[in-house]
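The values are calculated or read from the model by the stated rules, or taken from the named source; none is laboratory data. Keep in mind the model is a prediction, meaning the values are calculated, not measured. Note: ideal-geometry Cβ built from the backbone for every residue, glycine included; neighbour counts use all protein chains shown. Only protein heavy atoms, including side chains, enter the accessible area calculation; ligands, DNA and RNA are left aside. Shrake-Rupley method; radii C 1.70, N 1.55, O 1.52, S 1.80 Å.
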Amino acid sequence: MQRTLRPKRFNQLWPFYLLAAPGILYFLVFHYIPMSGLILAFKEYSPFKGIMDSPWVGLDNFRQFFGTSDFYILLKNTLLISLLNLIIYFPFTILLSLLLNEVRLKVFKRVSQTIVYLPHFLSWVVIYGITISFFGPSGVINHYLSQWFDGNANFLVSNEWFRPLVIFQSIWKDAGWGTIIFLAALAGINPEQYEAAKVDGASRLQSIWHITLPGIKSTIVILLLLRLGSSMDSNFMQIFLMTNSLNLDVSNVFDLFVYHIGLEQFNYSFAITVGMFKSVASLILVVGANYAAKLLGEEGIF
């Protein structure tokens, strides 16, 4: 009986399998098949000898990576940017979602959503050009600083201003786009709860605190876990454009280091070693955070 039901069920669901096929094919081709190249982390790769004939070096690449001072600088810079994203960018996205959800005039709400979504579709090159227009040596801000205070600020070549500018760019570009999932979760909250709270005399802030936030708590936890999984990754194009020789002390992150080592110096084995470390560290962070979420009573992601 079970064998006769399976073909029938497949005939009913084949459009969904067909719809999922491009996504599955994408992950197979660009994510799983390239993982075979991780073997190069344990070899001294030579393009002339090929992957299989290159000599094995065991864990020498990892010892070299962990034994250099660059490792601690890269780890510090990467984690600081990720931490700032977690404590500034991520809560800002939630706050923006709550503000948009409180808008009652539908026309104004739709216009506001469109406005905050638009920067997401701009490339980082355009964002960097806008940043130069405002924060460059002859930008708008320095123009007024020179008029009002007779001085300029070196925003783009300063170690102190690099991280604030990176976080500001991320918020301006992607905070609006990040509200989509939160707004969908907010739409699933039963409106009768707000009506009951209003009858009991609750203010809007009290309704948000006792109804809205608990209603999207599971969504916040899942998105936070996913963001922790990419905490060792930086937005390469953004960092690459904002980096220069004067702010390299704070802008040199793992992704930028892999680019210089792998594509400029052609040390593929060492670059793959760094990438493998990032992946393992991210996996540990996700598993640990998922375990902590379950201890707190949340479902987690697996």
> Can you name the number of the only condition in (1) touching a residue at least 40 places away in the same chain (Cβ under 8 Å); (2) open to solvent by less than 40 Å² (accessible area, probe 1.4 Å) that Met237 fails?
Replying inline: (2)
> Tell me, which residue of segment 12-39 that is within 30 Å of Gly50 (Cβ to Cβ) and of a type outside the set (A, V, I, L, M, F, W, C) is least open to solvent (accessible area, probe 1.4 Å)?
Replying inline: Gly37
> Given the residues Phe135, Phe162, which is the only one that is crowded, with 16+ Cβ neighbours inside 10 Å, without any contact (Cβ under 8 Å) to a residue 40 or more places away in the chain and under 30 Å from Phe240 (Cα atoms)?
Replying inline: Phe135
> In this structure, is Lys217 surrounded by fewer than 16 Cβ atoms within 10 Å (Cβ to Cβ), more than 27 Å from Phe121 (Cα to Cα), free of Cβ contacts under 8 Å to residues at least 24 places away in the same chain and among the basic types (Lys, Arg)?
Replying inline: no
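Can you tell me how many residues within segment 139-174 are within 17 Å of Val126 (Cα to Cα) and part of a helix (DSSP H, G or I)?
Number satisfying all stated conditions: 11.
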> What are the residues in segment 259-276 that are open to solvent by 40 Å² or more (accessible area, probe 1.4 Å) and assigned to a helix (DSSP H, G or I), if any?
Replying inline: Tyr259, His260, Leu263, Glu264, Tyr268, Ile272, Met276
> Of all the helices (runs of 4 or more DSSP H) wholly in segment 46-121, which have at least 3 residues that are out of contact with any Lys or Arg (no Cβ under 7 Å at 6 or more places or on another chain) and farther than 20 Å from Lys173 by Cα?
Replying inline: 50-53, 60-67, 69-84, 106-117
> Name the pairs whose Cβ atoms lie under 9 Å apart, with the first residue in segment 48-76 and exposed (fewer than 10 other Cβ atoms within 10 Å of the Cβ), the second assigned to a helix (DSSP H, G or I), and 6 or more positions between them or separate chains?
Replying inline: Met52/Ile39; Trp56/Phe42; Gly58/Phe42
>> Quick check on my filter: what residues within segment 200-220 are aliphatic (A, V, I, L, M), over 17 Å from Leu183 (Cβ atoms) and in a helix (DSSP H, G or I)?
In response: Leu205
>> For the condition at negative phi, modelled with pLDDT of 85 or more and in contact with a helix residue (DSSP H, G or I) (Cβ under 9 Å, 6 or more places away or on another chain), what is the one hit in Leu28, Leu19, Leu40?
In response: Leu40
> Does segment 228-243 contain any residue that is farther than 23 Å from Lys76 by Cβ, within 28 Å of the chain's Cα centre (by Cα) and either at pLDDT 90 or above or outside any helix (DSSP H, G or I) (or both)?
Replying inline: no
